[in-house]
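Taking it in order: structure first as structure tokens, then the write-up.
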Amino acid sequence: MSGGAAAGVAFPASEGGRRSTSALGQAVVADALARVDPAGALDARRETNWRAGYLTHFRRLIEAGLTSKQAAVSVARDGVASLHRQMRVVGPDGSETGLDALLTTPARCVLTAVTVAGTGAAESELSLPYRGERLHDSALLRRLEAWVSAGVIEPSCAAAVRTVAANPDWLALPGRTVVALGAGAEVGPLPVLLSWGARVIGIDLPRPGIWERVLETARRSGGTLLVPVAHDKPGEDALAPEGGEDLAQRAGLDLAGDVPAVADWLAGVDGPLVLGNYVYADGAANVRVASAVDALTLRGPR
């Protein structure tokens, strides 16, 4: 990866202006190893062909973290701290700041929450899909016991599932709102949460194909979906409560491009929020959006 960068979270540039994903990865791995494996950190910094040789150093990361809980936490903390120090934020004018600037930077746009209320009935009991069936009641309990006996899940996992099954009124998460970052993710929980009757804020890229699928799921469910629509000014061209037929064309935003707008919007939501990160992108874009989510998580109400 090289050259300039679009506005938003970006990789750091070298003295020559090149934005190298390999250089960043090498520096982060070395920093993550520095405290627990100084020799390994030095080897990582000296690697002359990171693109081909990185696997050796990632293996060393894993081995270093296996020695103790303290070592594992150290590797994780130092690696994340290194990433946060080095990632950059590019402004619309091309100026650059550190990632921590997102903790205080004003938003470039304002988000309007469009409410989409489901027309279906919320599920009233916990069930799990398994080999083409829905397991519930005694069948679910027997399957949990079988999984524990076979070592498929930990006993604590089975106990947690049994507790929820015994308290189906918990499913809708009364009094709470779940924020699904990466609302359209195929492995994300948005469809299940909505089927339980939960109130969910969905955040994803402004791609109509994603939102057509997400909105259809919401409208068939027993839950409520809040959808972000970006405006340059508060109240500008606001949509009707259900968003109109063009909502899929106008919903969403690039989280890596404007973390402050999302943070400010979420800060105005009533009641406790549960922030769920389900974002994913290919290659370098995944590092950018993951760094943006980190900044969003750290930024509190202003």
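Observations on the model:
- Protein accessible area in the chain, 1.4 Å probe - carbon and sulfur %: 54 percent
- What you get for the chain, charging only the Cβ of Lys and Arg (+1) and of Asp and Glu (-1), is a dipole of about 780 debye around the Cα centre.
- Amide H partners (placed H, <5 Å) of Ile201, local residues excluded: Val178, Val179, Ala180, Leu226
- Modelled label reach - Asn286, point 7 Å along Cα→Cβ, the stretch 161-205 residues with backbone N closer than 14 Å: 186-187
- Karplus-derived 3J(HN,Hα), 6.51/-1.76/1.60, for each residue of the stretch 139-152, Hz, glycine and proline x: 5, 5, 5, 5, 5, 4, 4, 5, 5, 5, 4, 8, x, 6
- Nearest-10 value in Å² for the accessible area of Glu123, using the 1.4 Å probe: 80 Å²
- Summed over the residues of the chain and divided among them, the accessible surface reaches 54 Å² per residue at a probe radius of 1.4 Å.
- J(HN,Hα) series, the stretch 82-98, from Karplus relation 6.51 cos²θ - 1.76 cosθ + 1.60, nearest Hz, glycine and proline x: 5, 4, 5, 5, 9, 5, 10, 10, 9, x, x, 8, x, 5, 10, 9, x
- In the chain, taking the dipole from charged Cβ atoms about the Cα centre, the farthest positive-side position among Ser14, Ala292, Pro174 is held by Ser14.
- Reported label for calculated mean projected area of the Cα convex hull in nm² given (i) 17.9; (ii) 19.0; (iii) 13.4: (ii)
- Rolling a 1.4 Å probe across all protein chains gives Ile62 an accessible area of roughly 110 Å².
- Furthest towards positive pole of dipole, Leu103, Leu66, Gly120, structure part the stretch 34-149, Cβ charges: Leu66
The values are calculated or read from the model by the stated rules, or taken from the named source; none is laboratory data. What you see is a predicted model; the values in this text were computed from it and never measured. No Cβ is skipped: glycine too gets one built from the backbone with ideal geometry, and neighbour counts run over all protein chains shown. In case anyone asks, the SASA skips ligands and DNA or RNA and just uses the protein heavy atoms, side chains included. Shrake-Rupley method; radii C 1.70, N 1.55, O 1.52, S 1.80 Å.
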